[in-house]
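Chemist: Here you go, one structure.
All of the numbers you see were taken from the coordinates with simple rules; none came from a lab. Every value quoted in this text rests on a predicted model; they were computed, and no experiment measured them. Here the Cβ positions follow ideal geometry from the backbone for every residue, glycine too, while neighbour counts run over all protein chains shown.
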Amino acid sequence: MANKRFPNASGPSQRQLRVGELIRRTLADVLNRGEIHDPDLNAMSITVGEVSVSADLKVATVYVMPLMGSVPVADTVTALARNKGELRHHIAKGLTLKNVPDLRFRADETFDRLDETRRLFANPTVQRDLEAPEEEE
């Protein structure tokens with residue numbers, strides 16, 4: 001079994017991945033059910049794309065995006081940050097962690113990068129290079 005305690009190890013540990021996924025599911029459920037006491041936040045449809053947790057499990061970065069662009073991303077991040085304490089409370093109820101990580105909300109840019117990748121692959125020069133036969137030595 002691989003030991004991930006060393007700082008030169010690449011990528012997150014299994015514990016970080018597991019805790020991040022549990023936090024993501026808990027936040028998605030809480031936001032979906034509208035359990036927060038902020039009517040502005042309950043009116044938003046928010047997708048929680050990913051949660052990355054620091055190595056010491058004290059900070060969780062939550063990547064979010066409003067569904068269908070209904071609300072500006074900055075407003076979504078601000079509303080979530082404003083209700084961070086209540087969201088941490090819900091995470092504490094749903095998970096059995098010694099300490100609940102501090103939540104930091106960021107805009108999920110995965111879809112923007114995906115669109116940029118599609119645009120690059122549609123470029124005629126790239127298409128020509130992809131279709132060119134590989135030279136054998």
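Chemist: What full-extension length gain, to one decimal in nm, is calculated for residue 74 and residue 55 as 0.36 nm per residue of separation minus the Cα-Cα distance? Can you show the working numbers first?
Modeler: Details: separation 19, 0.36 × 19 = 6.84 nm, distance 2.72 nm.
Once the chain is fully extended between residue 74 and residue 55, it gains 4.1 nm.
Chemist: Per residue and in Å³, how big is the convex hull formed by the alpha-carbon atoms of region 14-131?
Modeler: Values: hull volume 14.9 nm³, N = 118.
Convex hull volume per residue, Cα atoms: 126 Å³.
Chemist: Divide by every residue of the chain the summed helix terms, -39500 (n - 2.57) for each DSSP H run of at least 4, and state the resulting mean residue ellipticity at 222 nm, rounded to the nearest 500 deg cm²/dmol.
Modeler: -14500 deg cm²/dmol
Chemist: Given contacts defined as C-alpha pairs under 8 Å and at least six residues apart, what's the relative contact order of the chain, whole-number percent?
Modeler: 21 percent
Chemist: Please give the FRET efficiency for residue 33 paired with residue 114, using the beta carbon to beta carbon distance and R0 = 30 Å, rounded to the nearest 0.05.
Modeler: About 0.55, to the nearest 0.05.
Chemist: Name the residue, out of 85, 94, 11, whose mean-square fluctuation peaks in a Gaussian network model built on the chain with Cα pairs under 10 Å.
Modeler: 11
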